[in-house]
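Contents: one structure, followed by commentary.
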Amino acid sequence: MNLLITGGAGFIGSNLVRHVINKPELTKLVNLDCLTYAGRLENLDGIHEVHPRYSFEKVDLRDKTEVLRVVRQHDITHVMHLAAESHVDRSISGPADFIATNINGTFNLLEACRAHWNLKSQISNFRFLHVSTDEVYGSLGLTGFFTEAMPYAPNSPYSASKASSDMLVRSYHHTYGLPAVITNCSNNYGPFQFPEKLIPVVIQSILSCKSIPVYGDGMNVRDWLYVGDHVEALWSALNRGRAGQTYNIGGLNEQANLHLVQRICDLVDEMRPALGGNSRSLISFVADRPGHDRRYAIDSTKIQQELGWSPRHTLETGLRETVAWYLDHQNWVASATDSNHR
């Protein structure tokens with residue numbers, strides 16, 4: 001297995017690299033990342049410098065010539081495509097980068113893989129795993145779950161760009177026979193998540209005694225998936241998922257944003273009693289985000305039944321580990337938020 005991971009210096013990508021680097025099936029792991037603000041080689045300390053199976057390519061997916069070079073030079077047999085612009089707020093204020101990277105970048109990668117696959121007389125074990133989001137399905141009401149059969153109804157530039165890339169991957173399987181699998185996951189959390197997302201924002205706000213912003217009434221519901229569970233599911237989907245299929249990956253942990261924020265406050269108060277134990281008083285409700293989907297919830301029955309995967313973490317155990325990690329890695333947070341990485 002000559003594995004290409006795109007976005008391997010980012011949050012989910014770096015956790016994935018750490019999870020697979022010593023797998024016995026692996027001959028080579030190539031990390032392709034253009035190192036935007038959220039992609040940092042420090043996320044791979046201990047691997048990036050020394051691991052004999054690992055190599056790094058600083059390449060932008062928008063550069064089709066370089067993408068093709070990487071796929072051919074490393075004789076790639078398996079792809080796990082995670083590289084994407086992913087922050088909804090940023091997609092609202094500046095959607096162009098999301099279109100260029102998430103749609104055009106995915107197209108360039110698909111074309112490179114198709115050319116290499118055909119050049120090698122359709123490599124018998126080739127696999128292309130495209131990692132996407134549950135946000136492509138739009139918004140749920142008070143009941144029900146996203147299933148793989150649901151129609152797409154994206155409501156933000158980010159989710160629209162991911163829906164578009166999903167459709168491109170699907171078309172390359174059905175038109176060209178490229179052995180591709182798509183996964184759609186719920187909200188990830190855990191170590192190395194860039195401090196612009198909700199959970200690290202809350203933690204850092206508490207430590208700085210700043211107000212904790214909560215959109216609207218705080219009752220928007222998300223399903224929370226610990227990143228360690230997610231990367232296990234991705235490895236299963238790459239190796240055992242059926243080509244042409246989509247698998248939804250959820251944490252089975254629905255939570256309203258306000259209740260999640262309150263639990264983080266309580267955990268920080270417990271772990272850092274010197275702060276005074278009144279973190280909930282920092283919560284401040286702010287104007288709702290445009291197009292803010294009310295509820296997401298995933299039905300993971302298919303991946304559980306077909307691939308035998310299920311999440312190991314409850315929200316309680318995963319959140320406790322995550323809060324502890326951020327409290328113990330404040331140097332990483334400071335480095336990640338330095339102006340040089342914006």
Give the residues of the stretch 20-45 that are surrounded by fewer than 16 Cβ atoms within 10 Å (Cβ to Cβ) and not in a loop (DSSP other than H, G, I, E, B), sorted by residue number.
-> Glu42
May I ask you to list the residues in the stretch 295-309 that are touching a residue at least 40 places away in the same chain (Cβ under 8 Å) and surrounded by 14 or more Cβ atoms within 10 Å (Cβ to Cβ)?
-> Arg295, Tyr296, Ala297, Ile298, Asp299, Ser300, Lys302, Ile303, Glu306, Leu307, Trp309
State whether one or more residues within the stretch 83-101 are over 20 Å from Asp134 (Cα atoms), over 15 Å from the mean Cα position of the chain (by Cα) and either crowded, with 18+ Cβ neighbours inside 10 Å or in contact (Cβ under 8 Å) with a residue 40 or more places away in the chain (or both).
-> no
Is the stretch 11-19 home to any residue that is touching a Leu at 6+ places or on another chain (Cβ under 6 Å), within 17 Å of Val333 (Cβ to Cβ) and either in a loop (DSSP other than H, G, I, E, B) or of a type in the set (D, E, K, R) (or both)?
-> no
So Gly177 fits all but one of (1) surrounded by fewer than 23 Cβ atoms within 10 Å (Cβ to Cβ); (2) of a type outside the set (D, E, K, R); (3) on the phi < 0 side of the Ramachandran plot; what number is the exception?
-> (3)
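Could you check the stretch 291-342 and list, in sequence order, the residues that are β-branched (Val, Ile, Thr) and either within 23 Å of Ala9 (Cβ to Cβ) or within 18 Å of the chain's Cα centre (by Cα) (or both)?
Matches in the stretch 291-342: Ile298, Ile303, Thr322, Val333, Thr337.
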Contacts under 7 angstrom Cβ, first residue in the stretch 218-230 being closer than 13 Å to Ser139 by Cα and in contact (Cβ under 8 Å) with a residue 12 or more places away in the chain, partner in a strand (DSSP E or B) and among the polar types (S, T, N, Q), 6 or more apart = Val221/Gln255; Arg222/Asn187; Arg222/Gln255; Asp223/Asn187
Residues of the stretch 102-136 classified as surrounded by fewer than 22 Cβ atoms within 10 Å (Cβ to Cβ) and under 25 Å from Arg289 (Cα atoms), total = 1
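Evaluate the following for Val201: is it touching an Asp or Glu at 6+ places or on another chain (Cβ under 7 Å), hydrophobic (A, V, I, L, M, F, W, C) and at pLDDT 95 or above? Don't jump to the end; show me each part of the working.
Numbers: touching an Asp or Glu at 6+ places or on another chain (Cβ under 7 Å): no; hydrophobic (A, V, I, L, M, F, W, C): yes; at pLDDT 95 or above: yes.
No.
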Within the bounds of the stretch 191-207, is there any residue that is farther than 25 Å from Thr322 by Cα and in contact with a Leu (Cβ under 9 Å, 6 or more places away or on another chain)?
-> no
Looking only at the stretch 145-154, decide whether some residue is surrounded by 20 or more Cβ atoms within 10 Å (Cβ to Cβ), under 17 Å from Leu3 (Cα atoms), within 19 Å of the chain's Cα centre (by Cα) and at pLDDT 95 or above.
-> no
Output the number of residues of the stretch 181-211 satisfying the condition of being of a type in the set (Lys, Arg) and in a helix (DSSP H, G or I).
-> 0
Can you name the residue in the stretch 311-332 that is in contact with a Gly (Cβ under 8 Å, 6 or more places away or on another chain) and assigned to a helix (DSSP H, G or I) and is also farthest from Ile298 (Cα to Cα) among such residues?
-> Trp325
In the stretch 311-323, residues that are of a type in the set (Ser, Thr, Tyr) and loosely packed, with under 14 Cβ neighbours inside 10 Å total 1
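The values are calculated or read from the model by the stated rules, or taken from the named source; none is laboratory data. Remember, it's a predicted structure, so these values are computed and weren't measured experimentally. Glycine also receives a Cβ, built like all others from the backbone with ideal geometry; neighbour counts cover every protein chain displayed.
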